[in-house]
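Trainee: Have a look at the structure that comes next, please.
The values are calculated or read from the model by the stated rules, or taken from the named source; none is laboratory data. Source: prediction; values computed, not measured. Glycine gets a Cβ as well: all are built from the backbone with ideal geometry, and neighbour counts include every protein chain shown. Heads up: the accessible areas ignore ligands, DNA and RNA and are worked out on the full protein's heavy atoms, side chains in. Shrake-Rupley method; radii C 1.70, N 1.55, O 1.52, S 1.80 Å.
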Amino acid sequence: MKILVINGSPKGERSDTLKVTRAFLEGMGESFELIDTMQVSVKPCLGCYACWRVTPGKCVQKDDMGRILDQILESDLVIWSTPLYCYSVPSNCKALFDRLIPLGTMEQKVDEAGGTYHPGRQEIHTQIMLISGCGFPNRENNYEAMDFQFDRMFSKECPRIYCLESPLLGIAEAKPVADRYLEYAKQAGVEFKKTGRISGETQAQLDAPMIPPDVYRAQINGRQ
């Protein structure tokens, strides 16, 4: 299986989210390519739509995004590994999202729910997954925007791991609960490799805060 990890964290290898992603891939037992969005040259989208009208499927900007688009299309699985920033993704990761436009067309269609969308330029077989860590102890009122974006850009069936209280993964005193969480992420990788999905039991463990929210908030506030 050809796997591409897109690390959307400005922290690079120090990313707490990337720790979860690496544990998941360890469970899968698969090698992977990694793109560090802080180390590539991806300019903001110009909104010129030349990739739709003038050079179909190709952006007029000469930077690393052309190669990244090829890597995405050639992969069996692409994991977007990104923290939650201001209820979305960091700007360095958002630049890649915006530059996915060459994969679509100018044509507008209506989906089953009555929404308008741009169909893809070609049938894409790459499976998309999202792994995201955040500094909040609850998913509600925090991840709705990211959920919507992945639903519309990729698929509502896109597997997702939202790691609540992810700063605990980098705190020495929290190592016991952090290690337990990473073991669940590893188990998720084992299950995904075997069945193509994460079991409900494992997903529930991954979706739960590592420690009680009130305890977490008190600890975070006490470290300031």
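Trainee: Could you provide, to the nearest whole Å², the per residue accessible area of the chain with probe 1.4 Å? Spell out each step's value before the answer.
Mentor: Numbers: 11770 Å² over 224 residues.
Roughly 53 Å² per residue, with all protein chains present.
Trainee: Return the calculated 222 nm mean residue ellipticity for the chain, to the nearest 500 deg cm²/dmol, obtained by summing -39500 (n - 2.57) across DSSP H runs with n ≥ 4 and dividing by the residue count.
Mentor: On the way: 8 runs with 84 residues, N = 224.
Calculated from helices alone, the mean residue ellipticity at 222 nm is -11000 deg cm²/dmol.
Trainee: Quick one: give the max-minus-min coordinate of the C-alpha atoms of the stretch 13-91 along each principal axis, largest first, in Å.
Mentor: Principal extents (largest minus smallest coordinate, Cα): 44, 30, 20 Å.
Trainee: Could you pull out every whole DSSP H run in the chain that spans at least 15 Å of Cα extent along its own axis and averages -1.0 or higher on the Kyte-Doolittle scale?
Mentor: Helices meeting the criterion: 16-28, 175-195.
Trainee: Could you bin all the Cα-Cα distances of the stretch 81-143 into 10 Å bins starting at 0 and give me the percent of pairs in each, rounded to whole numbers?
Mentor: 17, 35, 36, 12, 0
Trainee: For Tyr117 and Arg139, what is the calculated FRET efficiency with R₀ set at 25 Å and r taken between the beta-carbons, to the nearest 0.05?
Mentor: With R0 = 25 Å, the Cβ-Cβ based efficiency is 0.45.
Trainee: Another one. Relative contact order, percent, of the stretch 4-112 when contacts are C-alpha pairs under 8 Å separated by at least 6 residues? Provide the component values of the computation, followed by the final result.
Mentor: Working: 124 pairs, mean separation 43.8, N = 109.
Relative contact order here is 40 percent.
Trainee: Tell me the carbon and sulfur percent of the accessible area for the chain, rounded to whole percent, probe radius 1.4 Å. Kindly include the intermediate steps, with their values, before the conclusion.
Mentor: Details: 6030 of 11770 Å².
In the chain, the share of accessible area belonging to carbon and sulfur is 51 percent.
Trainee: Pairs of Cα atoms under 8 Å, at least six residues apart: use those to get the relative contact order of the chain, whole percent.
Mentor: The normalised contact order for the chain reaches 24 percent.
Trainee: Can you pull the semi-axes for the stretch 50-107, root of five times each eigenvalue of the Cα gyration tensor, sorted largest first, whole Å?
Mentor: 22, 14, 11
Trainee: Kindly report, to the nearest 10 Å², the accessible surface of Lys109 as traced by a 1.4 Å probe over protein heavy atoms only.
Mentor: Answer for Lys109: close to 90 Å² accessible.
Trainee: What are the extents of the Cα atoms of the stretch 122-224 along their three principal axes, in Å, largest first?
Mentor: Result, largest extent first: 52, 29, 20 Å.
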